[in-house]
There are 2 protein chains.
Amino acid sequence: MQKEIEVFKDSLKKANQKITHQRLKILQSFLNTEKHVSCDELYQMVRRQNPEIGYATVYRTLKLIQGAGLAREVDLGDKISRLEHEYGHKHHDHLICLECGKFLEVFDPEIEELQERLAKKQNFTPVRHKMDIFGYCQKCQEKERDGHK
Amino acid sequence: MQKEIEVFKDSLKKANQKITHQRLKILQSFLNTEKHVSCDELYQMVRRQNPEIGYATVYRTLKLIQGAGLAREVDLGDKISRLEHEYGHKHHDHLICLECGKFLEVFDPEIEELQERLAKKQNFTPVRHKMDIFGYCQKCQEKERDGHK
DNA sequence: TCTGAAATTGAAAATCATTTTCAATTATAC
DNA sequence: GTATAATTGAAAATGATTTTCAATTTCAGA
C-alpha cells in the first residue's frame, strides 16, 4: 500500500503533475477496496470521508491511477467500466456468471502460453489481453436444477 | 442470406413480434456488410436506401438481430458496441492493434479446449467467451521501427 | 377482405456514464 | 514568498443509447 502510493507519486512527478490532497484520498479509497469498483461506487466511498471532493475529480484521478499502472479496466458485460487493482496482482481471466453477475478470477499458464504463441504466429506483438468466460456458476446451476426455472 | 432472413422471421414470430418493412431492411443492410459495424454506421447505411427509417428503430432492430442469434457484440477497446455476424460464422478471438485499431480474427482449437477445461475445473458451465489480445500489428511495428516515433 | 387489438414506428426528449469548461484555488520550482 | 502552471468543483456539454408518445402498421380471426 505504501508502495502503491510511491508508484503513484512517481508517476505524477514524471508527467509534471501535482500531488494533491484529493488525488491521494481517492487513491487511498481505491486501494482500500478489493472490489471491482465502478467510478460511481468509488465516488460514493470517497465522499463518505471527503464530501468536498467532486465527481469529475474522481474520474480524472482514476485515469491517473490507471496511467500509473495501479489499476486496470474490467468489463463484466454491463456497460460501465470497473477497475481492479493491477499493481502486485497477477494477470488473470474472469469467469462471469450470467445469472447472478458474480465472477471468479482464474489463471492458466498454459493458456497464457498459447495466447502468446497465437499472436506471434500472426506477427502480432501482444501487450495485454482480456479473456472473459460467460456462463453459469455452480450456485446458479443448482438453483436452476432444484427450483427449476 | 435467405437463411438468415428466415431465422430472423422465426425468432420474431416466436416472440410475438411483427415482421415489418423496417426490420427487414435493417437486417438486409446488416447482412450486406462484413464489417464490424457500430449502430451509427449501420444507421448511415440504412439511411442511404431508406431515409425514412429512424435512429431508434435501428437500435431496436439490432437488439432483435442479436436476440435471433445473428449478431454478436464485439469490443474493440473503444466504448462503442459493434456487431459482427454470428450465424454461420465460427467463433473466433481478436488481435486488436493499439495503434491503428485494425484487428485480425483468429482461432485456436487448443485454447478453446483449455478454456473449456478451465471453466469446468471451477464447476462453471461456460456459455460463451470473449478473448481479445491487444498489441501492435506487423504494419504498425514496422512503421515504428522505420519512421521511429 | 375487413376489423381491431396489439405491436411498432419516428421524432423528440430523457437517460446515463463520462468529459469538458471555466473561474477560483493550490502546489511547487525558483 | 511569489509567480505560474496545474488542479479543483460545479455546472454544462457530450455521445451513445433508451424511452416516451401519438400516429401508424401488422396480422389473427371474423
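Summary of values
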quantity: In degrees, nearest ten, helix B:55-67 long axis to first principal axis of chain B (Cα); calculated: 70
quantity: Helix B:2-14 vs. chain B, principal-axis angle (Cα, 0 to 90°, nearest 10); calculated: 70
quantity: Inter-site label distance for A:Cys100 and A:Asp146 at 7 Å from Cα along Cβ, in nm; calculated: 1.1
quantity: Principal-axis tilt of helix A:39-49 within chain A, Cα atoms, nearest 10 degrees; calculated: 50
quantity: Distance between the stretch B:118-149 and the stretch B:20-59 - C-alpha centres, whole angstrom; calculated: 30
quantity: 26 Å Cα-Cα threshold exceeded, pairs from A:Lys143/B:Lys63; A:Lys35/B:Lys79; A:Lys63/B:Lys35; A:Lys13/B:Lys102; A:Lys139/B:Lys121; A:Lys9/A:Lys90; calculated: A:Lys143/B:Lys63; A:Lys63/B:Lys35; A:Lys13/B:Lys102
quantity: Most mobile of B:Asp40, B:Asp93, B:Asp108 in a GNM of chain B (Cα contacts under 10 Å); calculated: B:Asp108
quantity: Chain B - percent relative contact order, Cα under 8 Å, separation 6 or more; calculated: 18
quantity: Translational diffusion coefficient (Stokes-Einstein; Kirkwood radius from C-alpha pairs) of chain B at 10 °C, 1.306 mPa s, in µm²/s; calculated: 90
quantity: Solvent-free Debye scattering, log10 I(q)/I(0), computed from the Cα coordinates of the protein assembly as shown at q = 0.07 Å⁻¹; calculated: -0.36
quantity: nm² value of the averaged projected area, convex hull over the Cα atoms of the stretch A:61-149; calculated: 7.9
quantity: Hydrodynamic radius by Kirkwood, which averages 1/r over all alpha carbon pairs of the stretch A:2-85, in angstrom; calculated: 12.8
quantity: Nearest-to-axis residue of chain A, judged by beta-carbon position, where the axis maps A onto B, in Å; calculated: A:Met131, 2
quantity: Mean separation of Cα contacts under 8 Å, 6 or more apart, over the residue count of the stretch A:2-85: relative contact order %; calculated: 33
quantity: Dipole in debye (nearest 20) - the stretch A:2-85, about Cα centre, beta carbon charges: Lys, Arg +1; Asp, Glu -1; calculated: 380
quantity: The stretch B:93-147: relative contact order as a whole-number percent, Cα under 8 Å and 6+ apart; calculated: 48
quantity: Copy-to-copy label separations for B:Asp75, where each label sits 7 Å from Cα toward Cβ, in nm and ascending; calculated: 0.4
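Values in this text are rule-based calculations from the coordinates and carry no lab data. These numbers were taken from a predicted model, which means no experiment stands behind them. Glycine gets a Cβ as well: all are built from the backbone with ideal geometry, and neighbour counts include every protein chain shown.
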